[in-house]
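Remarks on the structure that follows.
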């Protein structure tokens, strides 16, 4: 799972999920939802990436987790879609809160 392109030229409106699936038309605003210094999408992509631990040699494959543990082969893709939706909706809510002004009681 990765964005097409390299470095600053990465196209964040797309995520190559695998050889057959590309998630497209991802709104730029989605990346404004940041948790602990990283966008929620970046966090999910990092955690769900297929990789081998250098020390142990153990393969971390979120797709296998989805099938074997969750009994859902689409688990990781649906998780990505949910995070995109939650991120976008959260940014919308936070943007509306910026316009709220508060007054002290009795004023």
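Among residues of region 19-38 being in contact with a strand residue (DSSP E or B) (Cβ under 9 Å, 6 or more places away or on another chain) and without any contact (Cβ under 8 Å) to a residue 24 or more places away in the chain, the one that is surrounded by the most Cβ atoms within 10 Å (Cβ to Cβ) is 22. Contact map, region 85-101: residues that are on the phi > 0 side of the Ramachandran plot and at pLDDT below 95 paired with residues that are assigned to a helix (DSSP H, G or I) and surrounded by 11 or more Cβ atoms within 10 Å (Cβ to Cβ), Cβ distance under 9 Å, separation 6+ or inter-chain. No pairs are found.
Examine region 21-36 for a residue that is farther than 20 Å from residue 4 by Cβ and part of a loop (DSSP other than H, G, I, E, B), and state whether such a residue exists. Checked against the condition, which is being farther than 20 Å from residue 4 by Cβ and part of a loop (DSSP other than H, G, I, E, B), region 21-36 yields at least one hit. Taking region 39-58 as the range and being in a helix (DSSP H, G or I), loosely packed, with under 15 Cβ neighbours inside 10 Å and touching a residue at least 12 places away in the same chain (Cβ under 8 Å) as the test, only 47 passes.
The residues in region 65-84 that are closer than 19 Å to residue 26 by Cβ and either outside any helix (DSSP H, G or I) or without any contact (Cβ under 8 Å) to a residue 12 or more places away in the chain (or both) can be counted, and the count is 3.
The values are calculated or read from the model by the stated rules, or taken from the named source; none is laboratory data. Not measured: the values here are computed from a predicted model. Every residue, glycine as well, gets a Cβ built from its backbone with ideal geometry; the counts of neighbours run over all protein chains shown.
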